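Participant: The structure under discussion is supplied below as structure tokens; questions concerning it will follow.
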Amino acid sequence: MKRLFTVLLFAFAAGLFALSGDVPAIRRVAVICPSDGAVDPKMGTYALIGEVPTGRSLILRTINKADGTFARPDQTAFVPGGTAAPGVIYSTLWLPGHILVLREDGSLLAYAVAFDADGTAKLIGDTPTIYDSYIEQQNIATALAEAPGFLGIGTSSGKLYTVSNDLEVETIELGKGEVSGLTTVPQVGYFAFVAAINGHAVGVNPNNNTVMFDLVDPRPERLLDLTGAVFEPNTEALTEPAPVPILTANGSTNVTTLIIPANPMIGGLLSVALIQEMGFPVVEVDLGSLAMRTPEGAVLLDPNFSMASGGSGVTLAIAGGVIDIDPNTLNLRSRGNYVSALCKNENNSAGEIDTNTLALTYGGSIVPALGSTSGDADNNLQSDVMAKFDRAAVQAMLKDAPEGPVTLTLRWRFKDTSAGSASGVVKVKR
């Protein structure tokens, strides 16, 4: 029996805590899939950690993967114990049928989940079970993953804590800095925890608590997050050496498949298999269907992504919104007529934007739109808005901006007068 620290007792209106007023920025995302795979292919459920000024909440969101509309009202539950929640996974191995939320002190919140006939998830009950921390007090938890027989917790000090099913805890010193991402991949005879640490992918065998490989990401941007294949309870380890793909995010606009070689080693290299340009920066990825989180807290979905063939060409906003700015590199010395921004917003709601209120902002400066077009510019059945802005005015707004990637925000009012915004990145060149 796992160590039960306490059970949180909170009163929730109508059984569930509801966010009010503020639209949450998403800080973590996990794809929810039943272990038998019996999901209606048109539907998908996602666990989101949403942040508002009063704290963070677990949000269970079910969407129609054809157009990104919400298939049912969100279910939300308060995340107690402060604002930090650096990890969330849906467990099929360590505590099957639960969403596990990691807190900075290394304790875990377990939210029970059941599945409807179409395979979409719903929260059971309104209180999480809290499991006491398995990490040392001076450490700060940063990442969470599971492997057959083990739970893994990465920390800001570069340590990996492994917790076996019989609750034996081991500590492995990985070095190199903070564990920013953690996943699991099959290797010959075991499953390796793979930690993203300062541009390295470090693999650990939890059976003997040994660092088996340390591979360098060849890209200039630092590796932030990584995810491997989705594990089922009957998944088997490799019987002979084979290359293993992982999907990665590094804060750039590329989502990249990297390959762990068949015989990984200390001091080796990851190889690049497939680079996909998304048009917006990505700092977190999770598989089932590909979910991607931006630094500003939006979540995008490619519902038909596969590790073998890559992206499907369809990208849906399922939380928050993003803008794809054209040109994506803006030379402040060059001339041109327009800067355009293609905006997607959650729940297929871009069509509800009052286009007369569109404005591009940076710092305290505002450039109103010259004109806009509502429709479906990328033909994926999710509405979008294409807005144009005077290029000279945008360049003047960016005259004091640093060279390199700069985040711009598109702001607007919906037709019901509520406010909305979405962010995107442009590279400034002087």
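Participant: May I ask for the equivalent-ellipsoid semi-axes of the chain, computed as the square root of five times each C-alpha gyration tensor eigenvalue and listed largest first in whole Å?
Facilitator: Semi-axes from the Cα gyration tensor: 36, 26, 20 Å.
Participant: Next up: When we measure straight from the Cα of K122, which lysines land under 24 angstrom away, once same-chain ones fewer than 8 places off are left out?
Facilitator: Within the straight-line cut-off, K122 pairs with K2, K42, K65.
Participant: Same structure again: Listed highest first by mean packing, meaning other Cβ atoms within 10 Å per residue, what order do 328-341, 241-254 come in?
Facilitator: Top to bottom by mean Cβ count within 10 Å: 241-254, 328-341.
Participant: Can you return the lysines within cross-link range of K415? Criterion is Cα-Cα under 18 Å, with same-chain partners fewer than 8 residues away left out.
Facilitator: Straight-distance partners of K415: K344.
Participant: Per residue of the stretch 378-387, in order, report the coupling 6.51 cos²θ - 1.76 cosθ + 1.60 (Karplus, θ = phi - 60°) as ³J(HN,Hα) in whole Hz, putting x for Gly and Pro.
Facilitator: Taking θ as phi minus 60°, the curve returns 9, 6, 10, 6, 9, 5, 8, 10, 9, 10 Hz for the stretch 378-387.
Participant: Which lysines does K176 reach when only Cα atoms under 19 Å apart count, and residues fewer than 8 places away in its own chain are ignored?
Facilitator: K159
Participant: How high is the relative contact order of the stretch 233-343, given as a whole-number percent (alpha carbon pairs under 8 Å, six or more residues apart)?
Facilitator: Once divided by the residue count of the stretch 233-343, the mean separation gives 17 percent.
Participant: Whole percent per 5 Å bin, from 0 to the bin with the longest distance: what is P(r) over all C-alpha pairs of the stretch 196-326?
Facilitator: 2, 10, 19, 22, 19, 14, 8, 4, 1, 0, 0
Participant: With a ≥ b ≥ c the root eigenvalues of the C-alpha gyration tensor of the stretch 33-130, is it rounded (a/c under 1.5), prolate (a/b larger than b/c) or oblate?
Facilitator: oblate
Participant: If packing is taken as the average count of other Cβ atoms within 10 Å, what order do 61-67, 72-78 fall into, highest mean first?
Facilitator: Highest to lowest by the protection proxy: 61-67, 72-78.
Participant: From the phi angles alone, apply the Karplus equation (6.51, -1.76, 1.60; θ = phi - 60°) to the stretch 318-332 and give each ³J(HN,Hα) in whole Hz, x where the residue is Gly or Pro.
Facilitator: In residue order, the calculated couplings are 10, 8, x, x, 9, 10, 9, 9, 10, x, 7, 10, 10, 7, 5 Hz.
Participant: Read phi for every residue in the stretch 237-245 and hand back ³J(HN,Hα) as whole Hz from Karplus 6.51 cos²θ - 1.76 cosθ + 1.60, θ = phi - 60°, with x for Gly and Pro.
Facilitator: With coefficients 6.51, -1.76 and 1.60, one gets 6, 5, 9, 8, x, 7, x, 10, x Hz.
Participant: Based on C-alpha coordinates, I'd like the Rg and Dmax of the stretch 181-224, in Å.
Facilitator: 10.7, 33
Participant: So what is the relative contact order for the chain, in percent, with contacts set as C-alpha pairs under 8 Å and at least six apart?
Facilitator: Once divided by the residue count of the chain, the mean separation gives 10 percent.
Participant: Of the peptides 228-236, 87-95, 376-384, how do they stack up when ordered by the mean number of other Cβ atoms within 10 Å, highest first?
Facilitator: Result, highest mean Cβ count within 10 Å first: 87-95, 376-384, 228-236.
Participant: In whole angstrom, how far apart do the alpha carbon centroids of the stretch 80-154 and the stretch 223-283 sit?
Facilitator: After rounding, the separation between the Cα centres reads 23 Å.
Throughout, read-outs are computed from the coordinates displayed, never taken from laboratory work. Just so we're clear, the structure is a prediction, and the values are computed from it rather than from any experiment. All Cβ positions, even for glycine, are placed from backbone atoms using ideal geometry, and neighbour counts span all protein chains on display.
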